[in-house]
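Below is one structure, written out as C-alpha cells; comments come after it.
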Amino acid sequence: MAVADRDLIKKINQFNILNTIRGKKSISRIELAQITGQSRASVTNITARLIENDLIYEKEIKNSNQRGRKRVLLALNADAAYVVGIKVSAFMISCAVTDMQADIRSSVDLPVRTSNKPVEFVADLIEEGVSYCISQAGLTPSMISGIGTGIPGLIDRKKGINHWTLFYQKDNVPLRELIQERFDIPVWVENDANTVTLAHQWFGHGRGIDNFLVVTIEDGVGMGIVVNGQLYTGEKGMAAEFGHVVVKPMGNPCRCGKKGCLEAYTSNFSIISQAADILEKDRTLLKYEQVIDAANKGNTKIKKLFTHAGEIMGLGISGLIQIFSPKRIIFSGRGVESGDLLFNPMKKQLKSLTNKEVFQNCEIVIQKFCDTDWARGAASLALQELYKSPIDRIVPKI
Ligand SMILES: [Zn+2]
C-alpha cells in the first residue's frame, strides 16, 4: 500500500478483534489489546461499534481472586446472523440452519438418491430442504445471510461451477446459480471436504492450528489443506484431490475413469464393492457397517481388504506428511467407523515410510463421524464470507 487506507485499516482491526473474540469465546478488552497488538483506545472504540451493531455483547462474571469485583468480558452474539449449510451426497441431501457460532438451530436429512438425476431436480430438493429448515428454526429467508453448499467433485469455487461430480455426470453445472435463483440470498459452493476443513478450522480440531490436513473417507476420499492458516484450494480451486492420486498404475478402476487411484482401494464404495464379491452379495444392498461387522467376526478375506486399504492409505498419507509436515491430520467421514481395521495398518505403514523427524511432529486425529458435521461445515463456508478479513481482498494483481 503506497498510501495507508484508513478505512481499510479500520476494517482489518475490526476483523482481528471479532475473530479473536470468536476464537476465545469470551475475553476482556485488556486481553484483546494484548492479543491483537492494538491500543486500548482502539479496542474500546471498535468493541463499542461491534456492541452497537449487536455482533458482540458484554457479560459480567465474578472474579474469583478479587472478592466482590466483577470482570466484564466480551462474547460473540450467536444470533447476530444465521446461515444455511447444505451437503449433497449420493443418497442424501442434508440442510442445516446455524447461528454465528455454527451451532445448529434446525436440520433435516432428505434421503434421496441424487445420482444421475437432472441437476434442476437436485436444486428443487435443496429448495424444499432449505425452506423447511428455515421455518423450523423459526426464521424467515430474509433473516438468512448466506447459503453454503458442499458437494463432492471438482468445483470451481470462484465461479460456483461443478466441473465434475459423481451425481449428475454433466460438465460445468452452474450449481450456485441454480440455488441462487431459488433464494434471494448469497450462495457459495465448495468441495465438501473443504467445507469440513473449514468447520474444523473454525470450531473443531483445527482451531488455533496453522498447518493441518483433513482427510474425509466416504464414498470417495476427499481432503482439505490448511497452510499458514489459509485453506489452500489451488490455482482453479480444485486442489487436494487426494483420492485421485494414482498409487498403483493400471490398478483397480476408479469412478473418475483412471486406474489405480487411492480411493479405488480405500473409499467406502470400493471396500463395499470388493466385499460384495467376497460375500457374494448384491453391492447395492450391502452396507459399510455390515462389511466392518464381517471383518470383526473373523472373515479373514474381508479383514485383508481393510488391511490393504490401510496400507494404501498409509502410503498416500506418508507422502502428504513429507510434503506438508502438518501439525495434525484429521480423519473424518463415515469411513472412520472401520477403526483399527483400517487405521492400525495405516499407522504401521506411516512409521516405516515417513522420515521419523517429520512424522514425530504430526498428530493423527481420528474423529468420530457425525452426520451434522458436513452441513455445519457447509454453513461455515457462508460464515467465513461474513467474517471475511478485508486483507483477502487486497491481494496485489500482477
Ligand atoms: Zn480416480
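The values are calculated or read from the model by the stated rules, or taken from the named source; none is laboratory data. Since this is a predicted model, take the numbers as computed values, not measurements. Using ideal geometry, Cβ is built from the backbone for each residue, glycine included, and neighbour counts are taken over all protein chains shown. Ligands, DNA and RNA are excluded from the accessible area calculation, which covers all protein heavy atoms including side chains. Shrake-Rupley method; radii C 1.70, N 1.55, O 1.52, S 1.80 Å.
Length available on full extension from residue 117 to residue 71: 0.36 nm per residue minus the Cα-Cα distance, which gives 10.9 nm. A viscosity of 1.002 mPa s and a temperature of 20 °C, combined with the Kirkwood radius over C-alpha pairs in the Stokes-Einstein formula, give the range 6-79 a diffusion coefficient of 170 µm²/s. Taking Cα atoms only, the orientation of helix 192-203 departs from the longest principal axis of the chain by about 40 degrees.
In nanometres, what is the gap between the two model label sites at residue 344 and residue 136, each 7 Å from Cα along Cα-to-Cβ? So the label points at residue 344 and residue 136 sit 3.9 nm apart. To the nearest ten degrees, helix 300-324 and the longest principal axis of the Cα atoms of the chain are 40 degrees apart. Packing here is the average count of other Cβ atoms within 10 Å per residue, and on that basis the peptides 292-298, 313-319, 138-144, highest first, run 313-319, 292-298, 138-144. The order of 281, 258, 62 by accessible area, most exposed first and with a 1.4 Å probe, is 62, 281, 258.
With a simple spin-label model that places each label point 7 Å from the Cα along the Cα-to-Cβ direction, the separation between residue 248 and residue 287 comes to 2.8 nm.
Summing +1 for each Lys or Arg and -1 for each Asp or Glu among the other residues whose beta-carbon sits under 13 angstrom from that of residue 90 gives +2.
Within the shell of other residues whose beta carbon sits under 10 angstrom from the beta carbon of residue 219, the net charge comes to 0, with Lys and Arg scored +1 and Asp and Glu -1. Taking the C-alpha atoms only, the angle from helix 371-387 to the longest principal axis of the chain is near 40 degrees. Taking amide H atoms as placed 1.01 Å from N in the peptide plane, the amide H of residue 89 lies under 5 Å from those of 94, each 5 or more residues away in sequence or on another chain. Taking every protein chain into account, the 1.4 Å probe leaves residue 254 with about 20 Å² of accessible area, to the nearest ten.
Sort 345-353, 186-194 for me by packing, meaning the mean count of neighbouring Cβ atoms within 10 Å per residue, highest on top. Can you show the working numbers first?
Details: 345-353: 17.1, 186-194: 25.6.
In decreasing order of mean packing, 345-353, 186-194 become 186-194, 345-353.
In this simple spin-label model, placing a label point 7 Å from the Cα along the Cα-to-Cβ direction at both residue 26 and residue 365 gives a separation of 2.4 nm.
Sort 200, 244 by accessible area with a 1.4 Å probe, largest first.
On the way: 200 10, 244 30 Å².
Largest accessible area first, the list is 244, 200.
Around residue 137, what is the net charge, scoring Lys/Arg as +1 and Asp/Glu as -1 over all other residues with Cβ under 13 Å from its Cβ?
Working: positive: 105; negative: 79, 99, 103.
Residues near residue 137 contribute -2 overall.
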